[in-house]
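Engineer: Got a structure for you, questions after.
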Amino acid sequence: MKDNRVVDGMSVIYQENLSIEQKLRILSDAAKYDVACTSSGVERAGNATDIGNSVATGICHSFAADGRCISLLKILFTNECIYDCKYCLNRSSNDVVRTSFTPEEVCTLTMEFYRRNYIEGLFLSSGILRTPNYTMEQIVKTLRLLREEHHFNGYIHCKAIPGADPSLVEMAGWYADRMSVNLELPTAEGLRALAPHKNRKNILLPMRKIQNGIEESQEVLGMTGGNKGAYWHTRRRLEGKSIAAKQKEDATNFALQSPQEKAQLRLDSGVLEQGRAAMRRMEGGSLSAQESMPHVDLQTSGLTGTAATLQEVHNTPARSAYSKALSVIPPKMVRHGFAPAGQSTQMIIGATPESDFEVISVAEALYQKFDLKRVFYSAFVRVNDDSALPVLAGGPPLLREHRMYQADWLLRYYGFEAGELLSKERPNFNILMDPKCNWAVGHLEEFPVEISTADYFTLLRVPGIGPKSARRIVEARKSAVLDFKALKKLGVVLKRALYFITCSGHMMYPTKIEETYIIRQLLNTEEKLPAHLRGDSFTYQQLSLFDYLGDGTAAGGIA
Amino acid sequence: MQTELENAVSKPIRVYQCENSIEGILSGIYQAWSKAYGHKYIRLSVPDLEESANLEFFCEYFEVTPIPEQAEKVAGTIRNRISVKVYETMIHALLSNRPDKADAVYHMLVGAFRYGESILEHLAEPAVQAVFEMNRYVGNEAHLYNGFLRFEESVNGVMLARFQPINDLLEVVTPHFENRFSRENFIIYDTGRQKAAFHRAGYPFVVREVTEAEMQQFMHCSERELQFQQFWQTFFETIAIAERENPKLQRNMMPLHYRKYMTEFKKRGEKNR
C-alpha cells in the first residue's frame, strides 16, 4: 500500500504495512556494505537481572555466503535518506522501497536473535531521516529501550551520525560498546566529489568527541573501558619497555603532579595518551624520524589530497579545546564506561583514485591521532550507475582490499610504518605478493635473521612468522635449541620463512640471498592468485608491469 | 639408539590402558607413577580412542580401574604443587579426542614437577608440544561453538541446543552460556556422546547422560520459534554481498560439520530434523 505524505515540506513515497520480515530484508540488504561486523574489545560478565555478556575477543556466529563473519545483527534503522551520496544504494535519487524500523521492532529482533545465540549483539547504522539530529535521536531511543527496558547486556555497535548534536552522540556512547563514524573516502576531495552533502569536519569532530569521551570516562570518572588498540600497544612496546613497566612509569609520573598540574595534564591528554610513542619518535628518537609524521613528508611530495586530509586530522581540536568532553549524566543502568570497546571507522577503496600509500597513510594518522581500534576498508561495489563512479573491469577490487588489510595488520601488530611499506615513488602494493614479503625482498640486507638470538620485533619482520609464532619462539628457545622442524611445530610458515632465517647459523636449504631468486621461489608457493595473474613463465621483470596496470585488474578469489 | 633398544629389551615398557575419562586417565597417572618404575618405560594409552587394538612386543599391559580418590589426589597435587594454569591446560588436553592424550599429559607432568609452570614454554619437547596442540584445539573448537551453537525454543519454553563436537566440549562451553543466559532455562545436548547440560534459571547447571528418546520432548518448536528462525534465514541470505560470493572462504571459516544443527542451513519452515 502506498501513501503520499508530506514530511517537512517534502513529498515522500512510503511503503506502508510492511511486515517485520520485509523490513528486515530491506534494511539488512541496505546495511550489508557496511564492514566492521566485529564484537570485540570489551569483556563484561553477565549478571542475574540482565540478559547477555560480552567477550573481549569477540565471537563470530556465522559466515555469510561471501565468507564474511556475521557477529552482529547488522541493520539500518531506516533507508529513507535525504543525502545523495553517489556510491550508496540508498541515495535519495534512487528508486528503492523505503522503510524504517520502529525502536521496538529493533529491540524484538535483537533480543529474540540473541537468546537463540544467532548474534553477539546489535550493529545499528542508519540513513539520514529528516535531519541528522532526528536520526540520532531515533538511534539513542532504540539503544535506551534495549538497555533499560529489555535489560540487554550484550554488545552494541552504533554509528554516530555526522552533523548530529554532540550531546546526542554522547548519549549513544553511554549505551553503546563501540561507536564508529564512517570516513567514507580517504580524501576530502573524494568526499566532495561523491558525497556532496557530507563534509570532512562533520566526520572528524564526532570522532574526536568520542575519543575524548572515552578518555575522560576512564581517567576522570574512573570507569572501565578506554583500553587502547593494538596500534598503540605495539608502538609502546617498540619504545623498548614492557607495557607493565610503562604503565607503572605513567602512574608514578601522574602521582607526582600537583592537583593543578593533574588537571592540566588531563586537558592536554592529547600529549598524555594519544600517540605518545609517535611523538617521542618525532622528537628525534629511534627508528626513522623522517617518516614518523607522514603528513610533513607528504606535503613536500606533492600528494596534496592526502596531505590536506592529514592536516585536517591533525588540526581537529584536541581535548584542550573542549572545556569538558562529557556533559550528559550517564544513565543509571550504565555500569561501564563511555564506548568501552573504543571506536572504529571505514573507508571505501577504489571509488576514488587515491593510491595505496595515501590510504595507508590516512589510516596510520587516524591510529595515531584518534586512537582508533580499527580502520576498515571496503572494496568499492558499483551499485549505482553514475558517471562520477569508476567502472572497475574485474568487479570489486577484492585483492587490493586484502592487501590493505594485510598492511593494516603490519601497522597495528608488527610495528611497521606506512613509509616503510610504500613510498611516493612506489605508491601501490604489489598485487602479486603480500606487503610483508614485498618489504622483506626489498630489504635483504637485514636478513638472514638468527632464530636463537633475534629479538621479538626482528622476528616479526620475517615473512612466515607472526605475533603468535614469534612469541612462541622467544619462549621455547629458553629451554631448547630450535631447529627447522621445531619451528614448523611452533607455527612458522617455513615455505616463506626459509629464505630469511638461520637456525644455529645454518639455513634450511642452500639458498641464494638474491631478490629475483627469492621472489620467483615465493611466487611459486604464495597464496593462490586469480587465474589471470597466475602463470609459470613470469619473471620478476615481467611482473613489475602489473604494478602500473592499476588495481582494477585484480579480481575474485581472495577477500 | 642401541642402548635404548637394549634397555627396552632388558626392561619392558609398561603400558597403562586408561578409560576415556578424566577420572580414568588421572587414575592411570597415579598408578603408573606410584610404582617408581622409571618414567622412560611408562606409556599410557586410551584404547577407546585407538582405531585398532594391536598389542606390541616387549610391553606389559595393565588395565587401569578408575578410582576417584586417586584422581582427586593427582588433581590436587597439580593444582597445589605446580599451578592452576598447568592444571587447566591438562584438563583441556584430556578432553581432546587424540589417543595419545594420556601419554602426552603424563610426560608433560614429569617435566612440570621439575620446571614448574614454565614447562608450558618448553614447546620443543614432544610431550609439551602435544599437550599444547590438544589444549589449543579444544579451546578453538569451544570458541567456535560459542558462536555456532543454536538454541531453539521448544513448546514447553525450554531453549534446546544440539551439537556434536569432535572434542568433549560440553563442560567447556556451558559456563559461557550459563553466564550469558542466566535468566533462561536451557539445555545443551551433545548428540554424539549422548549427554546434556541442564540449566535452570538462577541455578548452576548439571550434566548427565541422556537418551535420544528422553530429549524428544524438547524438540518440538512453537510457531513463534519457527517465525524467528525464518527471520534469521532471511537475514543470513540478504547480508551476503552477491558480487563477493566466496563459498570456499565460507567453508574455511565454518567447516561443514559445524553446520549440522545451525538454523541458517535448515530448510525453510522445517520443524525438526
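Engineer: Relative to the isolated chain, which residues of segment A:112-161 have their accessible area cut by 40 Å² or more in the presence of all protein chains (1.4 Å probe, heavy atoms, no ligands or nucleic acids)?
Structural biologist: Residues shielded by partner chains are A:Glu112, A:Phe113, A:Arg115, A:Arg116, A:Asn117, A:Tyr118.
Engineer: Next question. Given a 1.4 angstrom probe, I'd like the percentage of the accessible area of segment B:149-265 that is carbon and sulfur, rounded to a whole number. Walk me through the intermediate numbers first.
Structural biologist: Values: 2610 of 5040 Å².
Answer for segment B:149-265: carbon and sulfur cover 52 percent of the accessible area.
Engineer: How far apart, in nanometres, would the label points at A:Glu445 and A:Gln22 be if each is projected 7 angstrom from Cα along the Cα-to-Cβ direction?
Structural biologist: 6.8 nm
Engineer: Accessible surface of B:Asp168 in the full protein assembly, 1.4 angstrom probe, to the nearest 10 Å²?
Structural biologist: Solvent-accessible area, nearest 10 Å²: 30 Å².
Engineer: Can you give the translational diffusion coefficient of segment B:149-265 in µm²/s, computed by Stokes-Einstein from the Kirkwood radius over Cα pairs at 37 °C and 0.692 mPa s? All intermediate terms of the calculation are to be shown ahead of the outcome.
Structural biologist: Numbers: Rh = 15.6 Å.
Translational diffusion coefficient: 210 µm²/s.
Engineer: Which whole-number value in Å² is the accessible area per residue of segment A:380-479, probe 1.4 Å?
Structural biologist: Working: 3600 Å² over 100 residues.
Counting only protein heavy atoms, the per-residue value for segment A:380-479 is 36 Å².
Engineer: How large are Rg and Dmax for segment B:2-140 when calculated on the C-alpha trace, in angstrom?
Structural biologist: Radius of gyration, then largest Cα-Cα span, for segment B:2-140: 14.5, 43 Å.
Engineer: Just the accessible area per residue of segment A:88-188, please: how many Å² with a 1.4 Å probe? Mind showing how you got there, number by number?
Structural biologist: Numbers: 2470 Å² over 101 residues.
Heavy-atom SASA per residue in segment A:88-188 reads 24 Å².
Engineer: Let me ask you something else. Between A:Glu514 and B:Glu245, what FRET efficiency comes out of the Förster formula 1/(1 + (r/R0)^6) with R0 = 60 Å and r the beta carbon distance, rounded to 0.05? Please report the intermediate quantities before stating the final value.
Structural biologist: Values: r = 41 Å, r/R0 = 0.68.
The computed FRET efficiency comes out at 0.90.
Engineer: Hey, another quick one. Given a 10 angstrom Cα cut-off, can you work out which residue in B:Asn135, B:Asn246, B:Asn156 is the most mobile in a GNM of chain B?
Structural biologist: B:Asn246
Engineer: Then there is this: At a probe of 1.4 Å, how much accessible area disappears from chains A and B on forming the pair, both sides counted, to the nearest 100 Å²?
Structural biologist: On the way: alone 24610 and 16060 Å², together 35440 Å².
Summing both sides, the interface buries roughly 5200 Å².
Engineer: Going by a 1.4 Å probe on protein heavy atoms, which residues of segment A:475-498 end up with at least 40 Å² less accessible surface in the whole assembly than in their chain alone?
Structural biologist: A:Glu475, A:Ser479, A:Lys489
Engineer: Could I get the Rg over Rh figure for segment B:64-189? Both from C-alpha atoms, Rh via Kirkwood, rounded to two places. Display every interim value, and only then the final one.
Structural biologist: Numbers: Rg = 17.1 Å, Rh = 16.2 Å.
Here the Rg-to-Rh quotient is 1.06.
Engineer: Top mean-square fluctuation among B:Glu223, B:Glu23, B:Glu141, Gaussian network model of chain B, C-alpha springs under 10 Å?
Structural biologist: B:Glu223
Engineer: Could you give P(r) for chain B, binned at 10 Å from zero, as whole percent values over all Cα-Cα pairs?
Structural biologist: 6, 23, 28, 21, 14, 6, 2, 0
Engineer: For segment B:238-255, state which residues have at least 30 Å² less accessible area in the presence of all protein chains than in their chain by itself, taking the probe as 1.4 Å and leaving out ligands, DNA and RNA.
Structural biologist: B:Thr238, B:Ile239, B:Ala240, B:Ile241, B:Glu243, B:Arg244, B:Asn246, B:Leu249, B:Gln250, B:Met253
The values are calculated or read from the model by the stated rules, or taken from the named source; none is laboratory data. Please read these numbers as outputs of a predicted model, since none were measured by experiment. So basically every Cβ, Gly included, is an ideal-geometry build from the backbone, and we count neighbours across all protein chains shown. The protein model used for the area step is the full one, side chains on, heavy atoms only, and it has no ligands, DNA or RNA in it. Shrake-Rupley method; radii C 1.70, N 1.55, O 1.52, S 1.80 Å.
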